[in-house]
Amino acid sequence: MNKNFDQQLLKVNKYSFQKDLIEWFENEMRELPWRQNQDPYRVWVSEIMLQQTRVDTVIPFYNRFMELFPTIETLAYAPEEKVLKAWEGLGYYSRARNLQSAVREVHEQYGGTVPNTPKEISSLKGVGPYTAGAILSIAYGIPEPAVDGNVMRVLSRVLGIWDDISKASSRKIFEEAVRHLIAEHNPSYFNQALMELGALICSPTSPSCLLCPVNEHCLAFAEGIQSELPVKTRKKSTKMIDILTVIVQNQEGEWLVNQRPSHGLLANLWEFPNLEDQQNAPTSVQIQEFLKVDFGLEAIVQKEPWMKQDHVFSHLTWKMLVFTADLNTQETNLYQRAAWKTEQEIEEIALPVSHRKIWRQHLLNK
């Protein structure tokens, strides 16, 4: 740990810092559905949903999810298809699968009670240091650090931490800082207040320092360097992949969809047939051959796409062109993970956001 950080940490009157921070939170905290009580399961679901997703986006998903799966038991026994459908639109679907897997373990191994020790809760699938700390502190009142991006931004400014927050090794520094500063009498409000402060006041750009309840404790504010912190290296540019997608309807009025593999990106979600554009032939020819080889279908594919969209993941971007195809064969023997589905059935299955947008636009164009 660097010398300047050590010195600033010792300079902070932690009891005054705790008091100013918690009093602000008590007065300014947002009314959020997962704050209605301290039920560990409810806290757990909210923290998983909030990973890489904005609060305003999460709220309706959270409310619907808790209506469908109000208890650990209901989620543990729910069909995965139903869970993925409830998660549709949130993205990062591995979060939902890991959550259900961990909930099953809690139901089977811990009698339906979320563990309250760092070792046990951290052993659950999908529960990393931040999620473990959040559940333990918010639900159980245990003084464990819950360090997310908001917390790192706040403390990098308050304590003058110049370590790159994009590096995994830096997290230990911030966890140690929280352990030193945390209010043991109210770790729930302390941790939530740090997160709230980062979300509402200590923003990534143009922080509202004059409104900050702990600005008198902040080294960056005192020295006028808040715009220089935190240090965060830029992500590498994402990979671009050209994707050709096709809408095919049979004479019975059903649409062709296939289910993605049970592992990897968007595992087990349904989608319209698609392939990566090899750019070695006209797109319509590629799609026609793809339908014949992969689905056993003879079809005539339109020459030009009727829809274009980009779908951004954390590590890549799909640049999607969407076509339609007309069948010129009655042979519809599909392979195992493909199916013809009615409009109602497509509404009920879990589609990736990109394919749900295609479906909505297709219905409008009908």
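Among the GluC sites (Glu not before Pro) found in the range 31-120, those both in a DSSP coil and sparsely packed, with 10 or fewer other Cβ atoms within 10 Å of their Cβ, are Glu31. Among the GluC sites (Glu not before Pro) found in the range 251-346, those both in a DSSP coil and sparsely packed, with 10 or fewer other Cβ atoms within 10 Å of their Cβ, are Glu252, Glu331. Between the Cα long axis of helix 187-200 and the first principal axis of the chain there is an angle of about 60°, rounded to the nearest 10. Per-residue extension of 0.36 nm, minus the Cα-Cα distance of Ser237 and Gln278, leaves a gain of 12.6 nm for this segment. Relative to the current alpha-carbon distance between Ser314 and Leu364, full extension at 0.36 nm per residue lengthens the span by 15.0 nm. Compared with the direct C-alpha span, the chain from Leu68 to Glu23 gains 12.7 nm at full extension, assuming 0.36 nm per residue.
Database remark: amide H of Ile243 closer than 5 angstrom to the amide H of Asp277, Lys319, Met320, Leu321 (H placed geometrically; neighbours at sequence offset of 5 or more, or on other chains; Pro and chain starts carry no H). Hey, for a label at Met307 modelled as a point 7 Å past Cα toward Cβ, could you say which residues of the range 75-117 have their backbone N under 20 Å away? Residues passing the 20 Å test: 85-92.
Checking [x] 23.5, 85; [y] 24.8, 79; [z] 21.8, 71 against the coordinates, the calculated Rg and Dmax of the Cα atoms in Å falls under label [y]. Bridgeable lysines around Lys239 (alpha carbons under 26 Å apart, same-chain partners fewer than 8 residues away excluded): Lys167, Lys308, Lys319, Lys357. For the chain, the longest principal axis of the alpha carbon atoms and the long axis of helix 283-295 meet at an angle near 80°.
Computed from the Cβ-Cβ distance with R0 of 41 Å, the FRET efficiency linking Ser206 to Ser94 stands at 0.75. Taking R0 as 25 Å, what FRET efficiency do you get between Ser262 and Ser122 from their Cβ-Cβ distance, rounded to the nearest 0.05? The calculated FRET efficiency here is 0.45. Sites listed here are trypsin sites (Lys or Arg not before Pro) in the range 180-284 whose DSSP assignment is loop and whose Cβ has at most 16 other Cβ atoms within 10 Å: Lys232, Arg234, Lys235, Lys236. Just how far, in whole angstrom, is the range 1-53 from the range 303-356 if you go by their alpha carbon centroids? Between the Cα centres of the range 303-356 and the range 1-53 lies a distance of 43 Å.
Read-outs: derived from the displayed coordinates by stated rules, not from any lab. No experiment lies behind these values; they were computed from the predicted model shown. Heads up, the Cβs are rebuilt from the backbone with ideal geometry, glycines too, and the neighbour counts pull from every protein chain shown.
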